[in-house]
Amino acid sequence: MSLRFELATSPTYTSDARIAEINVDPGFGVYFSDHMAVAAYNETDGWVNARVEPYADFAIAPASAVLHYAQEVFEGLKAYRHADGSVWLFRPEANAERLARSAKRLALPELPVADFVASVRAVVELDERWVPSSGEQSLYIRPFMIGSESFLGVRASKTVTYFCIAGPVGAYFSGGVKPVDIWVSNELSRVPNGGTGSAKCGGNYATSLLAQNEAYAQGCSQVLFTDAATHSVIEELGGMNFMFINTAGELVTPELNGNILPGITRDSLLKLAPSLGLTPVERRITLAEVYSGLADGSIVEAFACGTAAVITPIGSLKDGATGEVHRALIADFPKAMGLRALLLDIQYGRVPDPFGWTQQVV
């Protein structure tokens, strides 16, 4: 039986004036809307006690599994306001399916796709006023699941809590899309073979932070990780997938090998590629190939992709071992920007959605 995420307590309402003030410059992950969806799981009853309640701090036992063994997974998706004022989701079922795969890898119960989507829709519908309408603003939605049993034995938690929160976010590039410089980590790894690379869990991001600090120290905005075994094969950035376009008209990205998060934006761009005359290719990519391709011009555009920024052009790669800087030769990234514009047009309802990716909430 599907869960019913209904309002369980008196609603909370931030004033329209305050929401308007926040949405002038919401940033990313700074402000949160009035409500959240919650559900609980136990081994006897399964998923129970689904509800929507005011966004608020919650109590958690100091011995909860998530605090000691990092048993948690999360998702990230957005709601978009179209020009007619309606609000739409983009591929929420894909996020639901990925959350289920992540949960399985972390020995957490799988939340059914229909229940995931119902929780997202319930929060967005109730907090529709929070969905901004300027430029590339949107409502960012963060569903997540934690092991909430209080115990200190190393085993899977027998009780789990699911939440879905949301908040307005601004355009990732407030001053327009600009190429970024990337630090290539040759010592620190994001995940090992057989690890949690394909799951969206906090541990993957925690392990990327030291390398990210190295990138900042080197004057770079992001870090690109290679395989843990040889540090010669490209995997992904700390929070985005890697892609490049070559002179053969191919959109190339590393194949999913268990170490790489299967990004929803990544998948969407691969499906949109033929619309711009590009052939999508998923295969093994070495650093040597990319460095050589940037040098001889056979790689004409390189970029990262993800929910937050959609596409982030890569201006240069700085090798962590040699310090050598490998720069892109094309400055305006026409194909990448074309892909970005097309995906945004679908998400904001400016062009027809031939894939059935979008669904209206209100």
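The values are calculated or read from the model by the stated rules, or taken from the named source; none is laboratory data. Just so it is clear, the model here is predicted, and its values are computed rather than measured. Glycine also receives a Cβ, built like all others from the backbone with ideal geometry; neighbour counts cover every protein chain displayed.
Need pairs with beta-carbon distance below 7 Å; first residue free of Cβ contacts under 8 Å to residues at least 12 places away in the same chain and within region 92-116, second in a helix (DSSP H, G or I); sequence gap 6+ or separate chains. Cβ pairs passing all conditions: E110/A100; E110/A103; E110/K104. Reported count of residues in region 142-173, each being under 30 Å from V24 (Cβ atoms) and without any contact (Cβ under 8 Å) to a residue 60 or more places away in the chain, is 1.
For beta carbons closer than 7 Å, sequence separation of 6+ or different chains, a first residue in region 194-208 that is in contact (Cβ under 8 Å) with a residue 12 or more places away in the chain and a second that is among the acidic types (D, E) and in a loop (DSSP other than H, G, I, E, B), the qualifying pairs are K200/E75.
As a summary of the residue check, I260 satisfies the conditions (1) surrounded by fewer than 21 Cβ atoms within 10 Å (Cβ to Cβ); (2) in a loop (DSSP other than H, G, I, E, B) except for the one numbered (1). All conditions but one from (1) at pLDDT 95 or above; (2) farther than 27 Å from S102 by Cβ apply to S174; the one that does not is (1). Can you spot a residue in region 305-314 that is outside any loop (DSSP other than H, G, I, E, B) and over 19 Å from G170 (Cα atoms)? There is at least one residue in region 305-314 that is outside any loop (DSSP other than H, G, I, E, B) and over 19 Å from G170 (Cα atoms).
Condition check ((1) under 25 Å from A59 (Cβ atoms); (2) at pLDDT below 95; (3) surrounded by fewer than 18 Cβ atoms within 10 Å (Cβ to Cβ)) across all residues:
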| residue | (1), (2), (3) |
| --- | --- |
| G85 | no, no, yes |
| L89 | no, no, no |
| P92 | no, no, no |
| A96 | no, no, no |
| W130 | no, no, no |
| K178 | no, yes, yes |
| W183 | no, no, no |
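A search for C-beta distances below 7 Å between a residue of region 260-277 that is among the basic types (K, R) and any residue that is at pLDDT 95 or above and surrounded by fewer than 22 Cβ atoms within 10 Å (Cβ to Cβ), counting only pairs 6+ apart in sequence or on different chains, returns K271/F355. Against the numbered list (1) at pLDDT 95 or above; (2) over 16 Å from the mean Cα position of the chain (by Cα), G135 comes up short only at (1). Summed over region 56-83, residues that are surrounded by 15 or more Cβ atoms within 10 Å (Cβ to Cβ), at negative phi and not aromatic (F, W, Y) total 14. Considering each residue of region 99-113 in turn, none proves to be part of a strand (DSSP E or B) and either farther than 19 Å from G203 by Cβ or among the small types (G, A, S) (or both). Screening K158 against (1) surrounded by fewer than 17 Cβ atoms within 10 Å (Cβ to Cβ); (2) modelled with pLDDT of 95 or more; (3) assigned by TED's automatic domain parsing to the domain that holds T265 leaves a single unmet condition, (3).
Out of curiosity, is A56 without any contact (Cβ under 8 Å) to a residue 40 or more places away in the chain, under 14 Å from F116 (Cβ atoms) and of a type outside the set (F, W, Y)? Here the answer is no, as A56 does not meet what is asked.
Residues that are surrounded by 19 or more Cβ atoms within 10 Å (Cβ to Cβ) and closer than 21 Å to Y162 by Cα within region 1-30 comprise L3, F5, listed in sequence order. In the condition set (1) in contact with a strand residue (DSSP E or B) (Cβ under 8 Å, 6 or more places away or on another chain); (2) over 26 Å from A217 (Cβ atoms), D181 is compliant with all but (2). Note on region 114-131: among residues that are in a helix (DSSP H, G or I) and acidic (D, E), the one that is nearest to A39 (Cα to Cα) is D115.
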